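Below is one structure; the comments refer to it alone.
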Amino acid sequence: MRAPAMLRCAAALALLLAVAAPAAGFYLPGVAPSDFAKGDPLQVKVNKLTSIKTQLPYTYYSLPFCKPATIVDSAENLGEVLRGDRIENSPYVFQMREPKMCQIVCKATIDEKAAKELKEKIEDEYRVNMILDNLPLVVPIARQDKNSFAYQGGYHVGAKGQYAGSKDEKYFIHNHLSFTVKYHRDDDSELSRIVGFEVHPYSVKHQFDDKWNGADTRLSTCDPHASKFVTNSDSPQEVEAGKEIIFTYDVRFEDSEIKWASRWDTYLLMTDDQIHWFSIVNSLMIVLFLSGMVAMIMLRTLYRDISRYNQLETQEEAQEETGWKLVHGDVFRPPTNSDLLCVYVGTGVQFFGMLLVTMIFAVLGFLSPSNRGGLMTAMLLVWVLMGLLAGYTSSRLYKMFKGSEWKKITLQTAFLFPGVAFVIFFILNALIWGEKSSGAVPFTTMFALVLLWFGISVPLVFVGSYLGFKKPAMEPPVKTNKIPRQIPEQAWYMNPIFTILIGGILPFGAVFIELFFILTSIWLHQFYYIFGFLFLVFVILIITCAEITIVLCYFQLCSEDYMWWWCLAYCTSGTCSSPPMPSLC
């Protein structure tokens, strides 16, 4: 029996490694490709303004930028709205493979309020995000080796600087955009597909000699009929109340060998894969260490103790037993606040199921970055559907504890954690709304969230609870004593605070490197798409939590402390609170 088990483990490990390797570049596109003939219109869309300093997004038109005749909001999914995306049309319209130079968008005179808002956004390093054919706008930045480029999403609203000979700091707006649209041409036709969208922003104080004639005005600072693009400016456009700002752009088209299916590689390029592999190796070392401890307990200590225990049962020396054998009649005694523990366990199963299912879909490539907001939408929907498991798990555990108020436990499972989360979400949303940020969730979306909660999640919790209570109660393998045993004084290292810290450090050590990359991607508004590595770390985390709980649970029972439910199985690792765990100890 050992050989097939080892083969299954080896096959599972090989599958995980195979999944991790291509996960950095593999994705299933969220939309079908669009083909463009020469001269076809290309509509540039604008998205939110983002900053790594404040994390509060704002709509593009919250600043005095040029507006089209009619602003049209693009249809957005639930995840996009929750992320603060506000995708709208813009006055930037290109013609496929027809370069333009010094095209005037509009002229704007900014008042004192607009100037103040521009300065605040420049001070906070806000970036403007645009979209063309579902590709986000990027700014190419040459690396130190000068042979490759790094890409930053969006361009800065402006910059701070000083005039020569002056110490006063001024604010300058990027009012001239030099776009580069990369396309891949079909060999069999004249149709092309967009594979890149880049920009170089400049601050240019435009001048014109004659009277203003809209888009037909002849500027002295750049010539639309020349074959030269704007590449720098000796006279930048300062942000001051009452000043006129002329917004212009260039657009050039560049033939590229990149195919449409690979166009997202620019955004998903992973240059630090060695660090991720180091994280995996570090986590595996922790798992091997804990596995050795568990193996020692299971194969040596427990085997010897059980052998002695079986011998003592036939002798009069049974009353001299010591260690974990003394508490076998109390280990399944229901803990204090057992109903609350059932709710927590059910919610934990719901959360675990959401993570597992979402991560599987992400590893398979169904949640690609081209499907903007798809990851958050999937997490919400899976969380709602996992209410069935939450109700089932909490009711099964509650019935094992001889509980009879099934409606109470079901309502607590359906409303306790989601209710607390919704209250916090509502308060934060009110604060964000007070800042006039696009991150504030509108009322219609809030209503949709409540509808998902009350219309789908709550009924599924009741269905799961009903199915759980119909099942016969789980019976402990040993009979619980009627009189609780007195717990002796514990050693200092068995203090709950100490064991919780030890039990939390090891799982955290297994995931902290990957957690750093995830939080960095969120904070810096970057793409995180190495779900193969993340899935490996997730599996290692589960194994680590299970093993650390087995080890600490055994030590606690050896010290004749049978109150393991809260302190160890739940607080220590957060993932191992199932009743069968003590039977392993």
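Observations on the structure shown:
- Residue match in the range 490-505 (condition: modelled with pLDDT of 80 or more, of a type in the set (A, V, I, L, M) and closer than 20 Å to residue 298 by Cβ): no
- Criterion violated by residue 489 - all others in (1) assigned to a helix (DSSP H, G or I); (2) free of Cβ contacts under 8 Å to residues at least 24 places away in the same chain satisfied: (1)
- Here residue 55 passes the criteria (1) at pLDDT below 95; (2) touching a strand residue (DSSP E or B) at 6+ places or on another chain (Cβ under 7 Å); (3) over 23 Å from residue 264 (Cβ atoms) except the one numbered (2).
- In the range 41-82, the residues that are of a type in the set (Asp, Glu) and more than 22 Å from residue 523 (Cα to Cα): 73, 76
- Comparison of 42, 28, 49, 16 shows that the only residue that is more than 22 Å from the chain's Cα centre (by Cα) and either at pLDDT 95 or above or not assigned by TED's automatic domain parsing to the domain that holds residue 215 (or both) is 42.
- Each residue in the range 140-178 was checked for being assigned to a strand (DSSP E or B), of a type in the set (A, V, I, L, M, F, W, C) and either over 34 Å from the mean Cα position of the chain (by Cα) or surrounded by 11 or more Cβ atoms within 10 Å (Cβ to Cβ) (or both), and 6 pass.
- Members of the range 141-158 found to be out of contact with any Lys or Arg (no Cβ under 9 Å at 6 or more places or on another chain), of a type outside the set (S, T, N, Q) and without any contact (Cβ under 8 Å) to a residue 60 or more places away in the chain, listed by number: 141, 142, 143, 145, 146
- Scanning the range 75-94 for residues that are touching a helix residue (DSSP H, G or I) at 6+ places or on another chain (Cβ under 6 Å) and part of a helix (DSSP H, G or I) returns 78, 79, 81, 82.
- Subset of the range 513-550 (residues that are in contact (Cβ under 8 Å) with a residue 60 or more places away in the chain and of a type in the set (Gly, Ala, Ser)): 532
- Residues of the range 192-241 that are modelled with pLDDT of 90 or more and under 30 Å from residue 37 (Cβ atoms): 192, 193, 194, 195, 196, 197, 198, 199, 200, 201.
- Scanning the range 456-485 for residues that are in contact with a Phe, Trp or Tyr (Cβ under 6 Å, 6 or more places away or on another chain) and within 13 Å of residue 334 (Cα to Cα), we see that the one that is surrounded by the fewest Cβ atoms within 10 Å (Cβ to Cβ) is 480.
- Criterion (out of contact with any Lys or Arg (no Cβ under 8 Å at 6 or more places or on another chain) and buried (at least 21 other Cβ atoms within 10 Å of the Cβ)) met by exactly one of 181, 195, 204: 204
- If the condition is being surrounded by fewer than 14 Cβ atoms within 10 Å (Cβ to Cβ) and assigned to a loop (DSSP other than H, G, I, E, B), then the range 492-526 contributes 495, 524.
- Residue within the range 110-122 that is of a type in the set (A, V, I, L, M, F, W, C), more than 19 Å from residue 57 (Cα to Cα) and not in a loop (DSSP other than H, G, I, E, B) present: no
The values are calculated or read from the model by the stated rules, or taken from the named source; none is laboratory data. Everything quoted here is computed from the prediction, not taken from an experiment. Please note: Cβ atoms are built from the backbone with ideal geometry, for glycine as well, and neighbour counts cover all protein chains shown.
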